[in-house]
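The values are calculated or read from the model by the stated rules, or taken from the named source; none is laboratory data. None of the values given here were measured: they were computed from a predicted structure. Counting neighbours? That spans all protein chains shown, and the Cβs are built from the backbone with ideal geometry, glycine included.
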Amino acid sequence: MQTEYQKRREELMAKIGNGTAIFRSAPVAVMHNDVEYAYRQDSDFYYLTGFNEADAVAVLAPHHEEHRFILFVQPKDKEKEVWTGYRVGVDAAKEKYGADEAYPIAELDEKLPQYLEKAERIYYHLGRDRQFNETILSHWQKLVATYPKRGTGPIAIEDSNFIIHPMRLVKSAAELELMRKAIAISVEAHNYAREFAKPGRYEYEIQAEMEHIFRLRGGMGPAYPSIVASGANACILHYIENDRQLQENDLLLIDAGCCYQYYNGDITRTFPVNGKFTPEQKIIYDLVLTAQLAAIDQVKPGNPWNLGHDTAVRILTEGLVELGLLTGDIEEIIKEEKYKAFYMHKTGHWLGLDVHDSPVYKLGEEVWQTLQPGQVLTVEPGIYIAPDYQPAEGQPEIDDKWRGIGIRIEDDVLVTESGNEILTAGVPK
Ligand code: GLY
Ligand code: MN
Ligand code: MN
């Protein structure tokens, strides 16, 4: 993997020319008092280094004469490591992670300027760590003040997101291998859940069985809080209480995926817990499935990002009008987004190191990112008819038989040279 990280750094350095890029590790998240969540590295940081510790800074300075890749890390400290875990340390940061130079993080202020003095720009994303933002800004301020004496130095800070996120969109062979693994485990868990679910079981039992498989197969755990939503709970998009008992004639919506070596699966299936759809459930399911299959058909190189969503929205809208759940002119319903009463989210997102991966969607006011081979996205239309649904003005009252039906179908789709590959095809629809 180290050659893979190095390749990514080289690609990024080629893009920043005489600039210097700075990446900050993710902070430690606190659960309560001095109890911490398991550490999760910032995805950009991980993408470039594979380094998995807090309190670290990675610097890429392609123009520097001696050091192009520099790591600032927590130094080895036997006493602290006994409590908070093993640290790579300064020496191994060079040996194992390929840094040309490494320093203890405490030396950042002293050592960083040499990597910025001759840079034309600083590439840095102003993140949630305000104090670190201040650190970078104050270095920049000093360099601007001393520019006249030196005649060199960064004249601007540019957000690194615009460089690294387009890179992250297109997955390498090594990344796809990890994604396939994350997805294979997710598929196994969904298939087991379908067998395991039946009236009388609790949502959390199904969650537990799935997350058991995630970890049992070597995954890091759930890619996001698992949604196991029976009956009307499926109408809450991010329902995670998972504490209801499944009833006869319930649908069960499961949106769960495994994280494997930082890469994520994201799958939703909705099925009747007793194996048999009611007529209304079947009608809505077929409509969502038709929209999903049509949206997946739009996943091919050269198509704009929004085409899948627009395709799904049109099909869902036409279906909802046909069923009498919406009324009016199709174009107007779409333009005025009246369908959002039943379909309030987008049809997908990029998938990768983050579940909602690098947010590169629009490249201009009406210019959409086009699909390219190697990208992975989800396709996940749905219909949610809340139990307490109230029609907006001009829209029809609905029959009670529709209330409480919530359906989403979500697959992970790879853009290929010739079209697409549904990576999650192993879970039946
Ligand atoms: N499970 C999160 C999502 O589908 O976007
Ligand atoms: Mn998703
Ligand atoms: Mn999902």
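In the stretch 95-151, which residues are in a helix (DSSP H, G or I) and either in contact with an Asp or Glu (Cβ under 7 Å, 6 or more places away or on another chain) or β-branched (Val, Ile, Thr) (or both)?
105, 135, 136, 143, 144, 146, 150
Taking residue 192 as the residue in question, decide whether it is free of Cβ contacts under 8 Å to residues at least 60 places away in the same chain and under 23 Å from residue 3 (Cα atoms).
No, not satisfied.
Where in the stretch 318-429 are there strands (runs of 3 or more DSSP E), lying fully within it, with 1 or more residues that are in contact with a strand residue (DSSP E or B) (Cβ under 7 Å, 6 or more places away or on another chain) and within 16 Å of ligand 3 (Cβ to nearest atom)?
376-379, 382-385, 405-408, 411-415, 420-422
What are the pairs with Cβ atoms under 9 angstrom where one residue, in the stretch 355-368, is within 16 Å of ligand 2 (Cβ to nearest atom) and of a type in the set (Asp, Glu) and the other, located anywhere, is modelled with pLDDT of 95 or more and part of a loop (DSSP other than H, G, I, E, B)? Sequence gap at least six, or different chains.
357/349; 357/351
Does residue 103 meet the test of being of a type in the set (Ser, Thr, Tyr) and closer than 24 Å to residue 175 by Cα?
No, not satisfied.
Quick check on residue 145: is it in contact with a Ser or Thr (Cβ under 6 Å, 6 or more places away or on another chain) and of a type in the set (A, V, I, L, M)?
For residue 145, the condition - in contact with a Ser or Thr (Cβ under 6 Å, 6 or more places away or on another chain) and of a type in the set (A, V, I, L, M) - is not met.
Mind listing whichever residues of the stretch 16-33 are more than 17 Å from residue 49 (Cβ to Cβ) and surrounded by fewer than 18 Cβ atoms within 10 Å (Cβ to Cβ)?
Within the stretch 16-33, 17, 18, 28, 29, 30, 31, 32, 33 meet the criteria.
How many of the residues making up the stretch 326-354 are surrounded by fewer than 17 Cβ atoms within 10 Å (Cβ to Cβ), under 21 Å from residue 255 (Cβ atoms) and free of Cβ contacts under 8 Å to residues at least 40 places away in the same chain?
Within the stretch 326-354, residues that are surrounded by fewer than 17 Cβ atoms within 10 Å (Cβ to Cβ), under 21 Å from residue 255 (Cβ atoms) and free of Cβ contacts under 8 Å to residues at least 40 places away in the same chain number 2.
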